[in-house]
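To start, the structure itself, in structure tokens.
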Amino acid sequence: MRAQPVVPQVDEAAFEQEATDLVRSLVSEPEAMAAKKMGEHVEEGPASGNAPDRHHAVGQQAASIARKEIAAEDTHKALTTGLSKFQATYPEMTEGSELYLIADRKTNAIVEEHPDWSPEQVMMEAGKQTRDWFVSIGGKPAPKLVQQPNNRQQLKQTLKPMPQSRSARPAPANDENADQTPQDAMAEIRKSRGQAY
């Protein structure tokens, strides 16, 4: 009778922790350090026949987790950008309004119809369809919001420049004083102050 190869038991918690640590390394550490850690975990294949390759499995798990985290971040960014553009384009559809709720319900149908569209495209189409529907039943779209300058901005625009200080010595009008000695300059200052020179 031939001896069966021994398959080591895999500690799932340790496996999960090792994969999570590798993902953190890939996302937050410098490229050289992350590459070194990844190289330690990824090997070409199992050393012996059917034995599981722990390092390869950890690498695969880490890559899977990293892809999910990156996809979640990308989705969050796309949703935030789309919502900002939606709010700027359709100001009458503020969050909590009836029109916003209608546009929100339309997004599900648009996603089913166009699953390849980005969140921004879906939101903008929902806003367009909602506005078109609202106009078709006799509603009037909100006018474009124009940023009105506030009182402080208006006051700044009407400010007059301050007069120049009288205590400061005006710059010479010509180059006559270019050859002036320090004694001549002091005498001129005393004279301007009404002192004897």
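A few remarks follow.
- Residue in the range 85-99 that is more than 26 Å from G139 (Cβ to Cβ) and open to solvent by 70 Å² or more (accessible area, probe 1.4 Å) present: no
- On the stretch given as the range 82-93, residues that are of a type outside the set (A, V, I, L, M), under 23 Å from A72 (Cβ atoms) and touching a residue at least 24 places away in the same chain (Cβ under 8 Å) total 3.
- Scanning the range 94-128 for residues that are within 24 Å of the chain's Cα centre (by Cα) and farther than 15 Å from L79 by Cα turns up just one, T94.
- Of the listed requirements (1) among the β-branched types (V, I, T); (2) modelled with pLDDT of 85 or more; (3) part of a loop (DSSP other than H, G, I, E, B), T94 misses just one: (2).
Yes/no per residue for (1) over 34 Å from the mean Cα position of the chain (by Cα); (2) within 30 Å of L99 (Cβ to Cβ); (3) at pLDDT 70 or above; (4) charged (D, E, K, R):
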residue: T130; (1), (2), (3), (4): no, yes, yes, no
residue: V135; (1), (2), (3), (4): yes, yes, yes, no
residue: G138; (1), (2), (3), (4): yes, yes, yes, no
residue: A142; (1), (2), (3), (4): no, yes, no, no
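- Some residue of the range 115-122 being over 30 Å from V27 (Cβ atoms), part of a helix (DSSP H, G or I) and either in contact with a Ser or Thr (Cβ under 7 Å, 6 or more places away or on another chain) or modelled with pLDDT under 85 (or both): no
- Of A47, A13, A35, all but one fail to be open to solvent by 50 Å² or more (accessible area, probe 1.4 Å), at pLDDT 75 or above and aliphatic (A, V, I, L, M); the exception is A13.
The values are calculated or read from the model by the stated rules, or taken from the named source; none is laboratory data. The structure displayed is predicted, hence computed values, not measured ones. Glycine gets a Cβ as well: all are built from the backbone with ideal geometry, and neighbour counts include every protein chain shown. For accessibility, only protein heavy atoms count, side chains too; no ligands or nucleic acids. Shrake-Rupley method; radii C 1.70, N 1.55, O 1.52, S 1.80 Å.
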